[in-house]
Every structure is written in structure tokens, then in C-alpha cells.
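S.K.: Here it is: the structure, laid out below.
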Amino acid sequence: MRSLIDVKKSDAQQVKTNTDKSVVNGQKNVGLGGVGRSKKHESADKQVAGEAIYVDDRPSLRGELHAAVGQSTMAHANIISMDLSAVKAATGVISVITVEDVPGHTDIGPVFPGDPVLAIGKVEFIGQPIFAVAATSFDLARKAVKLARIEYQELEAVLTVKDALAKQNFVRPPFTMKRGDSDSAITAADHQLSGEILVGGQEHMYLEGQVSTAEPTEDGGMNIFTSSQHPSEVQKLVAEVLDIPLNKVLVDMRRMGGGFGGKETQAAPWACIAALLANVTKRPVKFKLARMDDMVMTGKRHPFENNYTVGFDKDGQIKGINIEVNGNCGYSPDLSDAIVDRAMFHSDNAYYLDQATVTGNRCKLNTVSHTAYRGFGGPQGMMTIEMVMDDIARHLGKDPLDIRKVNLYGTDDRNETHYHQKVEHNNLSEVIESLEESSDYQARRKAITEFNATSPILKKGIALTPVKFGISFTVQHLNQAGALVHVYTDGTIHLSHGGSEMGQGLNTKVAQIVAEEFQVDVDTVACSSARTDKVPNSSPTAASSGTDLNGKAAEAAAKTIKQRLIDFACEKYQVEAEQVHFENNNVIVGEQTFSFAEFSQIAYMGRVSLSSTGFYKTPKIHFDRATGKGRPFFYYATGAAVSEVIIDTLTGEYKTLRTDILQDVGHSINPAIDIGQIEGAFVQGMGWLTTEELVWNEQGRLLSNNPATYKIPAINDAPKDFRVALVPDAPNREHTIYNSKAVGEPPFMLGMAVWSAIKDAIASVNDYKTNPKLDTPATPERVLFAVEAVKAATAK
Amino acid sequence: MVANTIKFLLNNELVKIENLDPNTTVLQYLREEQFKSGTKEGCASGDCGACTVVLAELDTENSGQLTYKSINSCITFVGNLHGKQLITVEDLKEGAQLHHAQQTIVDNHGSQCGFCTPGFVMSSFALHKQNNTPNRAEVLEALAGNLCRCTGYRSIIEAAMTSSKDAREDSFAKHYQATVAALTELEQLPTPALTGNGHNYIAPKNIDELATELTNEPKSTLVAGGTDLALSVTQNLATIDKLVYVGNVAELTTIEETETEIIIGSALPYSEFIDTLHHYYPDLGEMIERIGSKQVRNTGTLGGNVGNASPIGDMPPALIALGATMTLHVQGQERTILVEDYFVDYKKTVLKPSEFIKSIQIPKPTAGQTLKLYKISKRIDDDISAVLAAFFIEQEITENGQKITNVRLAFGGMAAIPKRSPVTEAILLGNSLTKALVAQAKEALTTDFQPMSDVRASDKYRMTVAQNLIEKCYIELQSANARKVIETRVVNHA
């Protein structure tokens, strides 16, 4: 018989007081678990010491091989013949496979079919994997795939959105959301305007590229270690390509070196290929994408080409609008249906559109299949209406902020979206007014006008833009989560949940929630890999939902165990439930105080189950795509940013001088982590709209295929003066976990303030009389040409 | 005498490498040979800084001091480690105690996904070893070569700005004298070399050894920092048969000043001469701060930037505008040519087989001369120029006002080679700089150049911006004499 571990007995004299100074907003000290306080990231100490293990850092397995794939060099072509003899003969090559060698499904499309794991007779974009190699080293595998001789019969390639629209070349059918009669309202309005905008895509540029290791198991299954936001989908797709049941595939996901949506569906192909090669060779196979291959072979944020026609009154208030959003989906559906839907759902951003028709097209182009990226189409949808705000303002000669304010959703009326969801608990006016004041917007606006009057070359601009972002997966069934909590006999707790850690601090927050439930120190709770054998059928960690869903599921699991402990205490010590308290790492039962560890042992000896699952599904949500009506979102996350920029009218160069942000995160579970999310999202959003330019050539080849040619923000791009605040005392009025609000995606769109401020600076060149057109990304080149266009208009 | 060995300190341990392919990068060596996975591969092209490690070296003045330099391990060949101390992120912790450069990132919530973090830690560590109370500008300069996709940088900047009282007391400080002694001993060793997988590497110690080596093996590839060359290996999967490292050649790693010139050894890293050039030509110093990143400037050299004859190198237009010369050496024979005459066509130069660049001579400024430099790129930090404009103008005051007596307008990114603009220069020469003259010069530039479109910029942008830079230069020159200075550069708003 095993004896129990020695544990610290409760010392009732030693009352632990909570001295953490990071309590925000004067919230009550909610206890040792630390919900509401700035706990450091659970991996921080390991990350700074180089001790945090990513997939590529795992010790090599005996006999481990390395994979690489041969890529299409044509955007659209039939494969006439394939000579892989030189590949097979190359140094170090152990195995070469094509789609013929796939025992199960050959299509790994995540929602709709269309993504062959390896090309089936034809290729649809440059970079498409055609065959795969397993070799004894990473370099040998990469060298070998270059030796293939593939003959193509070229087919006509669609490489522009305009061409796809003309040919009605779509990956999914178009869809329209409608409220009222927009055409009549536009005609009847005092003023009409129309315009169009090209919104660029975005490379995820997670610092850790795509990587998976597949290790064959003794019973014909596969263990997968992957950098994926969706382990359960990797499990399913690996099982399908191998034609084995799900229970033979185990997926382990400890942490990602960044995801941002790029590892939601598009981590799976590399895991599948590694598994196929491992299956053939019966050896472990690692597939790590070299950076350039990653940039060429994985999808990006969808570029969009949007247009609008709006009718508005003399105050600039919208009376009716028609918006068309055209997403460049690449060659396959992937997640594009839901992404273009979300662009449509967010075509209003924070504004009441009144009579509105919003149409979304899912254009099929012969490029890599574009995919989820922070905001999931929402940002591209919002760009149109933010452009409308600036356009109306300059048309009427007003400050764009006034136009934004006059169009905000109301609280009692003017509060229904174009998809007929009522905007409840609307705090947009308060957020904007508060930020306008704290950022000193009006005084700075004046100072900027004065600066511009005396500065012939450099011009400054300022803009305030809000964000209202719908929280929930718009695909209803994904809004569920599971968790598994164990309490051990030394009083330590192990937590598993279905979410995956990509740096956003999910594990930290969920551990805080579990620790809070038991009133123990947060470091009592260990949270290791997300594993499909611990928590099954999980949803992707996406849509900003990680904490909302998994936090609730983990809380439920902890509550179940806690209730068992209370019931046990009542029975054993003959007390009422009200006399059992969890406090300061102790369990207080009537007059007696036990340490949590001590009481866990007593419960174990009393044969109480100290392990439980937990489950959560989001309430209230529904959407009927047939009518375009419903409540797709449980709630909205809101925020606003003011950015001030300076531009050079001779070169188009610019800098963001200052940014103030006010974001509503509800009752923050961890303010430091939330602020980190906001700052990072803002800078990433700014990068999307400024320096991050994807360039394809006329053959459909990606030219911006490495970090030397694709420029994400670097340290000097961060605003010199960067002030981020959380809306104080703002518990979510929906019953989310501790009344917090999602934070991953919403602040991304605050980057729009920079784009709008650059336009403001450009407009100053002609005393704000000419409305600059500025497609994105607003590279120095685009900014210079916009300046020149305004100068030319001035001359007329 | 040549020893077929590379010896260096891995933290405090003396390591000997024999029989390893010299095409191996330091990053590959750390991860695959030493099983140290703390140093990350983000791009393998020197663009992201995730692989940053620190090299401690005896400083060039031989004063018994160590300098700590951040480098990109992903584009540094393993042979370059010889005689140095290699410090990686795993070496910073003392027992359970995080180093200042680590603890400050934890305290400021400066790591999220954590993949870039070891690189930031090492860049911050190198900075604090050289300067334990850095200001914001110094922090930005030191960290501009490290990309983070999660944090938005604010927390990392604050971490790195936290002064480090204990940087002088860390484990490296405790081992300082022992390290100096060990490195001094390594310096005395015979010429290091490395052979593996049929490929060779040698690091000559003086110019005669180098010249002989190149005469015997004219097909050798010269490598200094390797910040460009290594990409052929990591990105294009090439293999280099014979590498000759010039970073140890004494005569190539000096900086000297005469009354009229600054003479910079071709293998001297930027970080060793940036201050001198900044002193004489502030615009040049500022521009060099935007060449690559700190990691690149710590190993990259003038010889490399000029030698590879890229049309988008930033130094060649500046050197051409300055009228700089270069000394070429082959087996004891030397010739000095204008940098301008070095470039023949795209990646083609006048360099003969076995010949190498010994030094670059930059004239010191005299009264009436102005150098204006403009680097135009999508991003301010660590980006390759769309256009690099270098304007050297000499004016003389005559009774009719100022007159241009000497002018060299050189551009990068506008043609297949870095190139002057003869037609435009002819318009300016001998005339007074006026608005009307500038308009003519802008027009003339279209005769001098027909730039191309690529991933960085369109032909139209390149031409427009090049023309506008002439206008900007004019405004700046006018403004310098005016009572109210007109602001013209956004980069000054860092």
C-alpha cells in the first residue's frame, strides 16, 4: 500500500494576506486565486531563460526523419507527368510519397472540401504541395525536393478579384444581409457618396513557423506534437488521411510561438503529411516549414476589395447604405465562408446604418487559400465604414470625429444591426467621450492645425476610431468547451482544458480561475499541454473565445470537485454547507482549519473523487443564414483609439507619434495580460494597415516571401507615447466568466486610427478640402501618391 | 602554420571543433550539435533576431577589455566563433536566479508567445554589458533587429530601459579575468581552419596569409560577417566549398585617420567605425544606424557591403558621393580606385581573381561641403532601401550668392548598380541653387535613371521620391541658413 505524501498542515496563526498591488480599479480583493490581478504569464520564467519547449525543441526521437514537400511552380495547371527518380535517389532520402500513397481521405478541407493534402492531378496555386519527402535531415529533405521534374499543362489562372467577380469565380455562394430598403433611403437622403477601397491581406509572421512531429504508436496509431490552435481538428484530419479511428490519434499541443489564426486550420496539413510519412516509414517524422516555405504555402489574412454607396443628411448621419465586400479567398473555401460573413457582420463597426444592404462575395483566385487571422474578416469589413466616416466628414467639411459620433449606435433607439441583432449594453458614447477627453483630442487637433500651417514638408494628423466587435463563433456548434481538473493528494491541482496557449496567456487566466475557485495560490495549479486524450472534441482557440469558453468549463470542473469536498465535509464533520469555507489555501470546516493539501488527503482517504470534467456552451446565440437574421453574438467588445501621426509629403514616410487606447475588457481577469493583448493587437493592426505589404507578381508568385521583403512593425514603429487604459468598473452584463470580456481580437482593429490619422495628415495639404483616397497597406509609396493626388486637386 | 581546429569558449567551457562542415551556422551548431534549444530559429535569414546570441571578444585596442556583441547566430558560420566567447540564453541564469536582462522582461510582462524572447534577452544583455543605464534611443537602437509579433514592444522597451545595477556583478563579471586570459591564449594559437564534409574554412591572421591563400585558391569565397553570404546557404541551399574568413586579418580590421582621410579596413564591422563617421558626417552616422540591425552592424563590414556589389547596398552611394576610394590587394600588389569605378554591372565589379578589398578611404569634409543622405524604405528599422540618395555638394560664395562648385549625386535602388547622375549633376554644377534650378534637376533625373518595379517599390515611386529628395535637399540647405528651421525628417521623431 502506498502512503500519502507529507503535506503542510494548516497554520491558522499564519494568515496570508494579499498584498499584490496590481489590483485595478479599486476592485475588491477577490482572493488568492488572483482573478482580477496581474499575474505573470505562466511560462514567463521559462521563456526568458530559453527553457520553454516548442515543438522543434523537443529532443529528437530515435530514427527521426525530416519532411519537405515539392511545390507547384504554376498557379493553375494540370500535372502531365512527374519524374521523382532523382528525388528518391538523393542523399538521405528515405521515402517519397504522392497522393497515391494516402490510405484514407485525400481532401483535408476543414469545413468544405477543396484542400487536397497533396495535389491530385492538378495544381491551383504556386507553392501547392505535390509530393512529400522524408529524409535524414532537414537540409537534405529540402534539397531533395528541388530535384523533381514535373511537367504541367498550363490552365488559365484567375489572379485578381476583379477577374474573379467578372467570371463569378467563387469558392462559396454570395450572401446578402438586409435591413429595410437601402436604395430608396440613399436616393431620398440629402447627400450621396460612393467609393471603393482595396484592403490588403496580412502574413501572420508568427515567430515560430509551422511545425509538427508524428510518432507512430504500437497499435497503428499516431502521436502528434504540433503547433496548432486546433488540436482536435489535427486529430480528426490525421485519422482521416490514415484511415484509422480517432481514438488512435493523440495530439499534444504545449505552446505555440504565436498563432494569430494562422494555425487554426493551416497547421493541419503539415501534421497530416508528417503522419503519412511516419506511417510509410514507421519512423518518427518532423515537418518544420522553413520561413520562406511557410510564407509561400500557408494562407494569409484575406485581401478585400470593398465598395459602398451611402446616403446621409446634413449632419452626416447615415440614412441608407449599400456595401459590397469582396474577399480574395484564394483557391479553396477553407474558412472563407465564415470570414466573409464576419466581414459583413462588421460592415457597421460601431455605427447605425439605418437602411442597409450588405453583400459579400467569396472570390476564388489561384493563390494560396487565405485563412483565419485575428479579427477573421471583421477588420476588412470595418475598413469600408471607417472610410465612409472620413469621406462624409470631408464632404461636409467637418471633423471626422463628429461624424463618427453622430452615427454611433444608440442605446434606446437606432440600436439594431443590419443582421437584426439588438446592440445591448452599448457604452460606445461613454468610451469615445472619455477617450476624447483623456487624450486631449480637441486641444491636440488645434495644435496640429497650427503645426501644419507652419510646416511645409512634414504634416501631422490625428484620428479617433472606435471598435465594436461581436464575440462568439458565428458557427454555433463551436461555442462549446471542455476541461478536466484533478486535485492530487498533496493539494496540487492539474488543469487541462480544450484551449491552446499561443502566448495570449490563456493558461494563466484559466489557472487563475481554478485557483480562485479553491482559494489557493495560482502556482498550485499546473496547466500543461492541451491533449486530445484529456479533453476531447475541442473547438479551435480562436474568435477571442479562449478564456470565455475554457475558463467557464474549467470553473465548472472545479466547482464540481469543490461541491464534493463540501458535501464530504458536511457529512464527516457534521456541519452545514455554509460552515465550509475555502480561504487562504485552507479549508475551514466549522471551527477547524485544514490546509487545502491536508483536506485533499482526508477527502481521498474518505474515497471522494478528486477529478472532474467541466463543460460549457455559450447561451443565447442563434443565427438563421436563410433570413440573415438572428443573434450571432453573445455580446460585443468595445474600445477606441486616438492616434497622432506625422508624414513627410515629399517621400510618404510617416511615424506614429502617440496612441491612446481605452478598451472595455469587462472585469479583467488579468489586467497585465489584457493590456499586453491590447498593445500587441494595436501594433499588429497598425502594421497591417501601414508597412505590411503582400506582393504577388503577374504569374501569381508571392514576392514578399520572407521577412526581408515583408515588414512587420519593428521596435521604432511602436508609438513613442503609448497609453493604454481599461474601462474601469465595467463588468460584462452578460454572464461571462467573472464578467470579463474577450480581448484577443477587438483591439486589433484600433490600428485603423493610424490609417485614418495618416489620411487626416494628407488632407491637411489642401486644408482638409480634398478627401484623400488611401488603400491599404498605406506604405510610404501609397501615402506619397495620395499626397500628390491631393496636391493635384489643389492645383485645379 | 595552420591548425585544423576551431577553438572558442562556450560560456566558460573551452570547446574545440574539428571535422564539422564549415557551412554550418552557429544556430545549427547550438541546436543540433550542442542540443541547446533555447536559441530559436525564426527566419534563418537574419531578419527577426530570434536567434540572437552574444559574442564576447577582446576589444580591438588590446586593452584587456571584453566587448559584448549581439549577433544573429542563424547567419554566422561556426568558424567565426574562433577565439571568442559564445554566450547563449541558457548561460544567463545563475542557479535559479534569472539575470537582470531576463527578470526585467518577466516583471514588465514582456513575453507572450515567448519565441522571440531569448533573442530580446540576449540583445538587452549585450546592451547592458556595454551600458547599464541605457536611454530610450539606445534601447531602440539595440533592439531594432529583434521582431516581436505579440507585445507591441512597449513592455520590452520598458524592461530594457530598467537600469541594471547588477550587470557588473553577473557571472560574466565574476569570470571576467579568466575569460580575458582564455581568449588571449586563443589569440596566440596558429591560424585556425576547419574541414568537414569535404568543405574548408580558413581564417588567415595577416594580409600575407590572406593573399597567399587567395592566390593558391582563387575560387575561395571571402567571408567577413557573412550577413549576406550565409543567406545563400540557409535560403538558397547552396554549399560553399572554401570559405576564407577575413575578420581575423589584422591589416583589414583597423581604422586610421590622416589629415585628409579616414581609412577603414574592409573587414572592420560597422559598429567599430560608426562613431568616427558620425563625427565627420552626421547624416552618414544616422544612415548607418539604419543599415541592417545592431546584430548585422556588429559583424557586417564595409568590404562586404561594397564587395558584393548589390544595387541596393546602402554604403556604395554614400561612398560614391563622398568621392571615396578603395584599395585593392593581390599578392603584395595594391591599387587604389574610386569606389565609383568599382561597379561594372549587376553584381559585376573590376575585382580580379585573387584580388580583395583591403580598405576604403573616405575624405574628411572641408568648408563649404555638405553631405545629405536619405534612406527610403517601407520600414524605418532593418529594411532594405527602395531608394538611397547621397548628395555631396560643395558651394562657394561669390558676389552673385552661392555657387555649386562640386556635386556628386549618387543613388542606390535606381539602377542595376549604385550610380551617379551625370545629367542632373551637369545641370547643377556651376550654378546657384534655386527653386528653378531644382525643378530642372528633377526633370534631368529622368534622363539619368529608368528605375524598375519590384517588391519594395514601383518604378514611378522610385523616380518621384528620388526627384523629391533633390527638392528636400534644397529645402534643407536653404533652411540651414534661415532663421526658422523647417522640419523635414520624420525619422527624427523617434
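S.K.: If the Cβ limit is 7 Å and pairs must be 6+ apart or interchain, which residue in segment A:656-676 that is within 13 Å of chain B (Cβ to nearest Cβ) and within 21 Å of A:Pro713 (Cβ to Cβ) pairs with which residue that is aromatic (Phe, Trp, Tyr) and assigned to a helix (DSSP H, G or I)?
M.R.: So the pair list comes out as A:Thr659/A:Phe682; A:Ile661/A:Phe682.
S.K.: Within segment A:577-597, identify whether any single residue is closer than 25 Å to A:Gln229 by Cα, surrounded by 19 or more Cβ atoms within 10 Å (Cβ to Cβ), in contact (Cβ under 8 Å) with a residue 12 or more places away in the chain and among the aliphatic types (A, V, I, L, M), and answer yes or no. Walk me through it before giving the result.
M.R.: Taking segment A:577-597 as the starting set, the residues that turn out to be closer than 25 Å to A:Gln229 by Cα are none.
There is no residue in segment A:577-597 that is closer than 25 Å to A:Gln229 by Cα, surrounded by 19 or more Cβ atoms within 10 Å (Cβ to Cβ), in contact (Cβ under 8 Å) with a residue 12 or more places away in the chain and among the aliphatic types (A, V, I, L, M).
S.K.: On to the next question. Working only within segment B:327-343, note down all residues that are hydrophobic (A, V, I, L, M, F, W, C) and either in the same structural domain as B:Phe411 (by TED's automatic domain parsing) or without any contact (Cβ under 8 Å) to a residue 60 or more places away in the chain (or both). If you could, list the steps in order and put the result at the bottom.
M.R.: Pass one, segment B:327-343, residues hydrophobic (A, V, I, L, M, F, W, C): B:328, B:330, B:337-339, B:343.
Selection gives B:Leu328, B:Ile337, B:Leu338, B:Val339.
S.K.: Can you name the residue in segment A:284-334 that is of a type in the set (Val, Ile, Thr) and assigned to a strand (DSSP E or B) and is also surrounded by the fewest Cβ atoms within 10 Å (Cβ to Cβ) among such residues?
M.R.: Let us first name the residues in segment A:284-334 that are of a type in the set (Val, Ile, Thr), namely A:285, A:296, A:298, A:309-310, A:318, A:321, A:323, A:325.
In the following step, the residues that additionally are assigned to a strand (DSSP E or B) were identified as A:285, A:309-310, A:318, A:321, A:323, A:325.
Details: A:Val285: 31, A:Thr309: 19, A:Val310: 28, A:Ile318: 27, A:Ile321: 29, A:Ile323: 26, A:Val325: 27.
This residue is A:Thr309.
S.K.: Another question, then. Starting from residues that are assigned to a loop (DSSP other than H, G, I, E, B) and of a type in the set (Gly, Ala, Ser), keep the ones in segment A:146-166 and report whichever is farthest from A:Asn306 (Cα to Cα). Spell out how you get there, then give the answer.
M.R.: Within segment A:146-166, the first condition is being assigned to a loop (DSSP other than H, G, I, E, B), and the residues that meet it are A:146-148, A:155-160.
From the residues that got through so far, the ones that are of a type in the set (Gly, Ala, Ser) too are A:148, A:157.
Numbers: A:Ala148: 41, A:Ala157: 22 Å.
Taking the candidates together, the pick is A:Ala148.
S.K.: Can you find, within segment A:414-455, the residue that is surrounded by the most Cβ atoms within 10 Å (Cβ to Cβ) among those that are free of Cβ contacts under 8 Å to residues at least 12 places away in the same chain and assigned to a loop (DSSP other than H, G, I, E, B)?
M.R.: A:Ser455
S.K.: If you don't mind, another one. Looking only at residues that are facing chain A (nearest Cβ under 8 Å) and of a type outside the set (Lys, Arg) in segment B:378-405, which one is nearest to the chain's Cα centre (by Cα)? Working first, answer last.
M.R.: Let us first name the residues in segment B:378-405 that are facing chain A (nearest Cβ under 8 Å), namely B:378-384, B:386.
Subset that is of a type outside the set (Lys, Arg): B:380-384, B:386.
Details: B:Ile380: 16, B:Asp381: 13, B:Asp382: 11, B:Asp383: 12, B:Ile384: 12, B:Ala386: 18 Å.
Here the residue is B:Asp382.
S.K.: Please work out if A:Ile471 is of a type in the set (A, V, I, L, M) and either touching a Phe, Trp or Tyr at 6+ places or on another chain (Cβ under 7 Å) or without any contact (Cβ under 8 Å) to a residue 24 or more places away in the chain (or both). Explain how you work it out, then say what you get.
M.R.: Working: of a type in the set (A, V, I, L, M): yes; either touching a Phe, Trp or Tyr at 6+ places or on another chain (Cβ under 7 Å) or without any contact (Cβ under 8 Å) to a residue 24 or more places away in the chain (or both): yes.
Yes: the conditions hold for A:Ile471.
S.K.: If I filter segment A:627-655 down to residues being facing chain B (nearest Cβ under 8 Å) and of a type in the set (Val, Ile, Thr), which single residue comes out as farthest from the chain's Cα centre (by Cα)?
M.R.: By that ranking, first place goes to A:Thr651.
S.K.: Right, another one. Here are B:Ile264, B:Ile357: which of them is touching a Phe, Trp or Tyr at 6+ places or on another chain (Cβ under 8 Å), buried (at least 24 other Cβ atoms within 10 Å of the Cβ) and either more than 17 Å from B:Ile384 (Cβ to Cβ) or at pLDDT 95 or above (or both)? I'd like the intermediate steps shown before the answer.
M.R.: On the way: B:Ile357 fails: touching a Phe, Trp or Tyr at 6+ places or on another chain (Cβ under 8 Å).
The conditions single out B:Ile264.
S.K.: B:Asp459 fails exactly one of the following numbered conditions: (1) at the interface with another protein chain (Cβ under 8 Å from one of its Cβ atoms); (2) free of Cβ contacts under 8 Å to residues at least 24 places away in the same chain. What is the number of that condition?
M.R.: Looking at each condition in turn, B:Asp459 falls short on (1).
S.K.: Restricting attention to segment B:194-231, which residues are hydrophobic (A, V, I, L, M, F, W, C) and within 25 Å of the chain's Cα centre (by Cα)? Step through it out loud before you land on a result.
M.R.: Step one: of segment B:194-231, the residues hydrophobic (A, V, I, L, M, F, W, C) are B:194, B:202-203, B:207, B:210-211, B:214, B:222-224, B:229-231.
B:Ile202, B:Ala203, B:Ile207, B:Leu210, B:Ala211, B:Leu214, B:Leu222, B:Val223, B:Ala224, B:Leu229, B:Ala230, B:Leu231, listed by residue number.
For every residue, the table says whether it meets (1) in contact with a helix residue (DSSP H, G or I) (Cβ under 6 Å, 6 or more places away or on another chain); (2) at pLDDT 95 or above; (3) outside the structural domain of B:Asp454 (by TED's automatic domain parsing).
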| position | (1), (2), (3) |
| --- | --- |
| B:Ile288 | yes, yes, yes |
| B:Arg297 | yes, yes, yes |
| B:Asn308 | no, no, yes |
| B:Gly313 | yes, no, yes |
| B:Ala321 | no, yes, yes |
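S.K.: Filter segment A:698-719 down to the residues that are more than 7 Å from chain B (Cβ to nearest Cβ) and assigned to a loop (DSSP other than H, G, I, E, B) and list them by number.
M.R.: Result: A:Glu698, A:Gln699, A:Gly700, A:Arg701, A:Asn705, A:Tyr710, A:Pro713, A:Pro719.
Residues checked against (1) crowded, with 24+ Cβ neighbours inside 10 Å; (2) assigned by TED's automatic domain parsing to the domain that holds A:Val133; (3) closer than 30 Å to A:Ser60 by Cβ; (4) modelled with pLDDT of 95 or more:
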| position | (1), (2), (3), (4) |
| --- | --- |
| A:Leu277 | yes, yes, yes, yes |
| A:Lys282 | no, yes, yes, yes |
| A:Ala343 | yes, no, no, yes |
| A:His370 | yes, no, no, yes |
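S.K.: Could you tell me how many of the residues in segment B:154-190 are touching an Asp or Glu at 6+ places or on another chain (Cβ under 8 Å), hydroxyl-bearing (Ser, Thr, Tyr) and over 20 Å from B:Leu92 (Cα atoms)?
M.R.: The qualifying residues number 1.
S.K.: So which residues in segment B:360-371 are surrounded by fewer than 22 Cβ atoms within 10 Å (Cβ to Cβ) and assigned to a strand (DSSP E or B), if there are any at all? Steps first, answer last, please.
M.R.: So in segment B:360-371, the residues surrounded by fewer than 22 Cβ atoms within 10 Å (Cβ to Cβ) come out as B:361, B:363-371.
Passing the criteria: B:Gln361, B:Pro363, B:Gln369, B:Thr370, B:Leu371.
S.K.: Right, something else. Name the strands (runs of 3 or more DSSP E) wholly within segment A:622-691 that hold at least 1 residues that are of a type in the set (S, T, N, Q), assigned by TED's automatic domain parsing to the domain that holds A:Pro379 and buried (at least 24 other Cβ atoms within 10 Å of the Cβ)? Write out each step before concluding.
M.R.: On the way: elements: A:622-624, A:629-631, A:635-648, A:654-663.
By residue number, A:635-648, A:654-663.
S.K.: Please state which of the following conditions B:Val485 fails to meet, knowing it meets all the rest: (1) farther than 24 Å from B:Lys403 by Cα; (2) surrounded by fewer than 20 Cβ atoms within 10 Å (Cβ to Cβ); (3) more than 10 Å from every other protein chain (Cβ to nearest Cβ).
M.R.: The failed condition is (1).
S.K.: Next question, about the same structure. Where in segment B:82-183 are there helices (runs of 4 or more DSSP H), lying wholly inside it, with at least 3 residues that are farther than 28 Å from A:Ile53 by Cβ?
M.R.: On the way: elements: B:100-107, B:117-130, B:136-143, B:154-161, B:171-174.
In segment B:82-183, B:136-143 are the helices (runs of 4 or more DSSP H) which contain 3 or more residues that are farther than 28 Å from A:Ile53 by Cβ.
S.K.: When the residues of segment A:290-311 are filtered to those that are closer than 15 Å to A:Ala132 by Cβ and over 21 Å from the mean Cα position of the chain (by Cα), which remaining residue is nearest to the other protein chains (Cβ to nearest Cβ)?
M.R.: Going through the qualifying residues, I end up with A:Ala290.
S.K.: Working only within segment B:151-179, note down all residues that are facing another protein chain (nearest Cβ under 9 Å) and either free of Cβ contacts under 8 Å to residues at least 12 places away in the same chain or among the hydroxyl-bearing types (Ser, Thr, Tyr) (or both). Outline the logic, then answer.
M.R.: Let us first name the residues in segment B:151-179 that are facing another protein chain (nearest Cβ under 9 Å), namely B:151-157.
Answer for segment B:151-179, where residues must be facing another protein chain (nearest Cβ under 9 Å) and either free of Cβ contacts under 8 Å to residues at least 12 places away in the same chain or among the hydroxyl-bearing types (Ser, Thr, Tyr) (or both): B:Thr151, B:Gly152, B:Tyr153, B:Arg154, B:Ser155.
S.K.: Taking segment A:559-576, which residues are crowded, with 19+ Cβ neighbours inside 10 Å and among the β-branched types (Val, Ile, Thr)?
M.R.: A:Ile561, A:Ile566
S.K.: Can you tell me which residue in segment B:110-150 is farthest from the other protein chains (Cβ to nearest Cβ), limited to those that are of a type in the set (Val, Ile, Thr) and within 28 Å of A:Pro747 (Cα to Cα)? Lay out the reasoning, then the answer.
M.R.: From segment B:110-150, those of a type in the set (Val, Ile, Thr) are B:117, B:121, B:133, B:139; that's our starting set.
Applying the additional criterion that residues be within 28 Å of A:Pro747 (Cα to Cα) yields B:117, B:121, B:139.
On the way: B:Thr117: 5, B:Val121: 5, B:Val139: 8 Å.
Across segment B:110-150, the extreme among qualifying residues is B:Val139.
The values are calculated or read from the model by the stated rules, or taken from the named source; none is laboratory data. Here the structure is a predicted model, which is why all the values come from computation and not from measurement. Glycine also receives a Cβ, built like all others from the backbone with ideal geometry; neighbour counts cover every protein chain displayed.
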